[in-house]
Amino acid sequence: MSKTKDNEAPPVIEINAEWCKGCSICIEYCPQDVLALENGIAVVVNLDDCNRCQLCDYRCPDYAITVK
Amino acid sequence: MDNFDYTTFLREKKFPLIWCAGCGHGIIMKAILRAVGRVGWDQNDTVMVSGIGCSSRMPGYVDMNTLHTTHGRAIPFATGVKMANPDLHVIVITGDGDATAIGGNHFIHAARRNIDLTVVLLNNTIYGMTGGQVSPTTPRGKKASTASFGNVEAPFNISGLAQAAGASFVARGTAYGAVQLSKYIEKGLLKKGLSVIEAMSPCPTVFGRRNKMKSPVEMYDELRDQSVPVKKAATMSEVELEDKIVTGVLTDVDKPEYTAEYAKLIAKLGGSA
């Protein structure tokens, strides 16, 4: 089920592949399993479940992920 | 949800960061920027001063007034900046080696003097940049390039050292608990007097790999499992707290601040600053 409320625009997750070092912290600690590793870079695989908690952004050491 | 746009504080031309994959330093830098954003400081009135080491590369990436100084001497440079311009907000970035080995005396005397600086001490328990030598905070038994069979020395308790030396605000957080860490830093920024925020930062490359932690995530799991909030720690015995990281605000007291006392003395003698 989507975590986005009906009156809300869906979240936008931006990943900067140039800055991502593939440490996997965002993937491991995402409470909704939104992210995965592909070719050594984090990618969004399950946007519907994102609840905008921003823990990926808080814990990304490389400023490579933002959630809006 | 935090809508603060920390990118206004970044020198994006310098990116990607020099720090290794999974290093906690970038997380701690972001916790600092979010805290500065919440207190609303102008980047032109804020100064970031660092010494030497992995952590001390931080000012290179931050768009404030920045100083990358000599080994162990971030606090003396910052003291000079603050004494000359008491209205500036001064943040010191240092590491366990920088602040408690070569810069150990500067660290304890800044705490004794209680000068209004915010010291964010990134503790990765190793000398990362130079290849993983034992630092004053390497835990007993852990391996380092200068301790192939395990470290036989006892580590410094940095927060305890700052408390004993007289800092008016001391807190400890971790890169895993980035949200809480940012709140401790915010309190430290607002405190008039010396604030020390000890931020535990995993070093996957030269500490983790030598100590059987194969991935950065394993190190963050360990930080999470070792962390004990200060209130809970008060109910635990010394044996139970061995190998634990006590997190939270450890000291928050008001006492005379150095630049204010200095200004008072100048006024008393009829001079002007």
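Can you work out the Karplus-derived ³J(HN,Hα) for every residue in the range B:263-272? Use 6.51 cos²θ - 1.76 cosθ + 1.60 with θ = phi - 60°, whole Hz, and x for glycine or proline.
For the range B:263-272, the Karplus curve yields 5, 4, 5, 4, 4, 4, 8, x, x, 10 Hz.
Of the beta bridges DSSP finds with both residues in the protein assembly as shown, what % are antiparallel, to the nearest 5?
In the protein assembly as shown, approximately 35 percent of DSSP beta bridges are antiparallel ones.
Under 1.5 on a/c is rounded, so check that first for the range B:146-206, then, if it is not, pick prolate when a/b is larger than b/c and oblate when it is not; a ≥ b ≥ c are the square roots of the alpha carbon gyration tensor eigenvalues.
oblate
By how many nm would the segment from B:K192 to B:V39 lengthen if fully extended, with 0.36 nm per residue of separation less the alpha-carbon distance?
Here the segment from B:K192 to B:V39 would lengthen by 53.7 nm.
Could you check the simple spin-label distance between B:F4 and B:K232, using points 7 Å along Cα→Cβ, in nm with one decimal?
According to this spin-label approximation, the distance is 2.6 nm.
By its C-alpha gyration tensor, with a ≥ b ≥ c as the square roots of the eigenvalues, how is the range B:10-131 shaped: rounded for a/c under 1.5, else prolate for a/b larger than b/c, else oblate?
It is oblate, given that a/c is not under 1.5 and a/b is not larger than b/c.
Cut-off under 14 Å on the C-alpha distance; same-chain residues fewer than 8 positions from B:K13 excluded. Which aspartates and glutamates are left, in chain and number order?
A:E18, A:D62, B:D63
What FRET efficiency comes out for B:I266 versus B:R112 if R0 is 25 angstrom and r is the Cβ-Cβ distance? Round to the nearest 0.05.
Once the sixth-power term is evaluated, E becomes 0.75.
Pop the C-beta distance of B:V179 and B:T146 into the FRET formula with R0 = 30 Å and round what comes out to the nearest 0.05.
Plugging the Cβ-Cβ distance into 1/(1 + (r/R0)^6) gives 0.25.
With a 1.4 Å probe on protein heavy atoms only, tell me which residues of the range A:35-68 lose at least 40 Å² of accessible surface in the complex relative to the chain by itself.
Residues of the range A:35-68 that lose at least 40 Å² of accessible area once the other chains are added: A:Q54, A:D57, A:Y58, A:R59, A:P61, A:Y63.
Counting only heavy atoms of the protein chains, get the accessible area per residue of the protein assembly as shown (1.4 Å probe) and round it to a whole Å² value.
That works out to 46 Å² for each residue.
Return the percentage of antiparallel bridges among DSSP beta bridges fully within the range B:6-265, rounded to the nearest 5 %.
Counting only bridges with both partners in the range B:6-265, antiparallel ones make up about 20 percent.
For every other residue with a beta carbon closer than 13 angstrom to the beta carbon of B:M219, add +1 if it is Lys or Arg and -1 if Asp or Glu, then tell me the sum.
+2
Okay, helix-only estimate at 222 nm for the protein assembly as shown: each DSSP H run of n ≥ 4 adds -39500 (n - 2.57), divide by all residues, round to 500 deg cm²/dmol; what do you get?
That comes out to -7500 deg cm²/dmol.
With point charges of +1 on the Cβ of Lys and Arg and -1 on the Cβ of Asp and Glu, referenced to the Cα centre of chain B, which listed residue (B:S227, B:G177, B:T94) lies farthest in the positive direction of the dipole?
B:T94
Hey, got the average number of other protein chain Cβ atoms within 10 angstrom for residues in A:15-28?
Going residue by residue through A:15-28 and averaging, the value is 4.
Rounded to the nearest percent, how much of the accessible area of chain B (1.4 Å probe, protein heavy atoms only) is carbon and sulfur?
In chain B, the share of accessible area belonging to carbon and sulfur is 53 percent.
If the limit is 21 Å between Cα atoms, which of B:K82/B:K191; B:K14/B:K212; B:K14/B:K82; A:K21/B:K187 go over it?
Result: B:K14/B:K212; B:K14/B:K82; A:K21/B:K187 exceed 21 Å.
Rg to Rh ratio, the range A:13-67, alpha-carbon atoms and Kirkwood radius?
0.90
Please give me the summed charge of the neighbours of B:L17: other residues whose Cβ is under 12 Å from its Cβ, Lys and Arg +1, Asp and Glu -1.
+2
Under the rule that a partner needs its Cβ under 4.7 Å from the first Cβ, which Cys of chain A have none?
A:C20, A:C23, A:C30, A:C50, A:C53, A:C60
Pull out the extension gain between B:E12 and B:E242, defined as 0.36 nm times the separation in residues minus the alpha carbon to alpha carbon distance; nm, one decimal.
78.7 nm
Return the aspartates and glutamates within reach of B:K143: Cα separation strictly under 16 angstrom, same-chain partners fewer than 8 residues apart disregarded; answer none if there are no such residues.
Output for B:K143: B:E153, B:D243.
In Å² (nearest 100), what accessible area is buried between B and A, both sides summed, heavy protein atoms only, 1.4 Å probe?
Separately minus together, B and A give about 2200 Å² buried.
Can you pull the one-decimal nm distance between simple spin-label points at B:V249 and A:E14, each 7 Å off the Cα toward Cβ?
Result for the modelled spin labels: 3.5 nm.
The values are calculated or read from the model by the stated rules, or taken from the named source; none is laboratory data. It should be emphasised that the depicted structure is a prediction, and the values quoted were computed from it without experimental measurement. All Cβ positions, even for glycine, are placed from backbone atoms using ideal geometry, and neighbour counts span all protein chains on display. When the accessible area is computed, the model is the full protein with side chains, heavy atoms only, and any ligands, DNA or RNA have been set aside. Shrake-Rupley method; radii C 1.70, N 1.55, O 1.52, S 1.80 Å.
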